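Asks: For reference, the structure I am asking about is given below.
Since every read-out is calculated from the coordinates, none of them should be taken as a lab result. This structure is a prediction, so every number in the text was calculated from the model and none was measured. Cβ placement follows ideal geometry from the backbone for every residue including glycine, while neighbour counts extend to all protein chains displayed.
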Amino acid sequence: MRILHNGQAVIIGVEEVNPKDLPDSIKVIGCPMTGMDHLPWDFINKKNIKVISLTGETEFLRNITSTAEHTIGLVISLLRNYKTILNSPYKDRDECTGHTLKGKTLTIIGYGRVGKQVADIAKAFQMKVLSFEKEEPIHSLYDILQKSDIVSLHIPLLGNEGFFTKEMFYAMKQTAYLVNTSRSGIVEPGALLWALKDKHIAGAAVDFTDDNRSLWDGHFAG
């Protein structure tokens, strides 16, 4: 969080913000992203604070590819086993063996702006790309998950809390991976850690932090 103009404005990133940490003089909040579920909206509405974000900035966002590139970077890190390679002393070449992206099936859940960008990059790696939109019958997602080597989430949190359930992890191959560059709440609480511990999937990459980081050690990359 960055405070500007003698406390009249603040810039907030992806971090959770306690209203008690905001100055009483605040009038404007800048949030350079589209997802704003982490903002203290009760406080904002009560104080009638103006919020400036990237929501609705379609033309500008069309050329922003950072999330899509980050997603593919996490996919590469998982399949090439970079977490082991970069964090452990080199012992044996076989311990560092990974997988190529070519020929792997990537399923994108949420085929909007970012999802389509991810698909374009994945196709350059000669990956097979499948997609699912929430408007489609849910049973079709289970069919797709059975074919997937990587599943990547690109849906907003609002209206999708707990969308990706334990049953969906059951439908995935044990050699498959989950990538979540959206919000942690899209996955049913506890389901991802359960799937990793019980080896229902091979691994996961996320770009958010968890308060109980110790629970995740050894089970995730990202």
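Asks: List the residues, sorted by chain then number, that are 5 or more residues from residue 128 or on another chain and whose placed amide H is less than 5 Å from its amide H.
Replies: Placed amide hydrogens put 103, 104, 105, 106 under 5 Å from residue 128.
Asks: Residues with amide H under 5 Å of residue 148's amide H, sequence separation 5 or more or different chain, H placed in the peptide plane at 1.01 Å from N; which?
Replies: The answer is 173.
Asks: Starting from the exponent 0.38 and prefactor 2.2 Å, build the expected Rg for the chain from its residue count and divide its actual Cα Rg by it.
Replies: Normalised Cα radius of gyration, the chain: 1.12.
Asks: Just 128, 83, 27 to compare: in a GNM of the chain, with alpha carbon springs under 10 Å, which one fluctuates most?
Replies: Looking only at 128, 83, 27, the biggest GNM fluctuation is shown by 27.
Asks: Same structure again: Rounded to the nearest 5, what % of the DSSP beta bridges within the chain are antiparallel ones?
Replies: Details: 3 of 29 bridges.
Looking only at bridges with both residues in the chain, the antiparallel portion is about 10 percent.
Asks: Once both axes come from the Cα atoms, what is the angle between helix 66-79 and the longest principal axis of the chain, in degrees from 0 to 90, rounded to 10?
Replies: The angle comes out at about 30 degrees.
Asks: Take every Cα pair under 8 Å in the chain that's 6+ residues apart, average their separations, divide by the length, and report that relative contact order as a whole percent.
Replies: Computed over the chain, the figure is 14 percent.
Asks: Just to be sure I understand: with springs between alpha-carbon atoms less than 10 Å apart, which residue in 169, 43, 125 has the highest mean-square fluctuation in the Gaussian network model of the chain?
Replies: 43
Asks: Determine, from the Cβ-Cβ distance of residue 3 and residue 76 and an R0 of 35 Å, the FRET efficiency 1/(1 + (r/R0)^6), rounded to the nearest 0.05.
Replies: 0.40
Asks: A further question follows. Bin all alpha-carbon pair distances of the range 99-184 at 5 Å intervals from 0 and give each bin's fraction as a whole percent.
Replies: Each 5 Å bin holds this share of Cα pairs: 3, 14, 28, 28, 19, 7, 1, 0.
Asks: Filter 134/166; 46/116; 123/197 down to the pairs with a C-alpha to C-alpha distance above 26 Å, please.
Replies: Over 26 Å Cα-Cα: 46/116; 123/197.
Asks: Okay, moving on. Grab the Cα-Cα distance for residue 33 and residue 62, subtract it from 0.36 nm times how many residues apart they are, and report the gain in nm with one decimal.
Replies: Details: separation 29, 0.36 × 29 = 10.44 nm, distance 1.31 nm.
Gain on stretching residue 33 to residue 62: 9.1 nm.
Asks: Okay, next question. Taking the simple approach of a point 7 Å from Cα along Cα-to-Cβ for both residue 139 and residue 125, what is their distance in nm?
Replies: It works out to 3.3 nm between the two label points.
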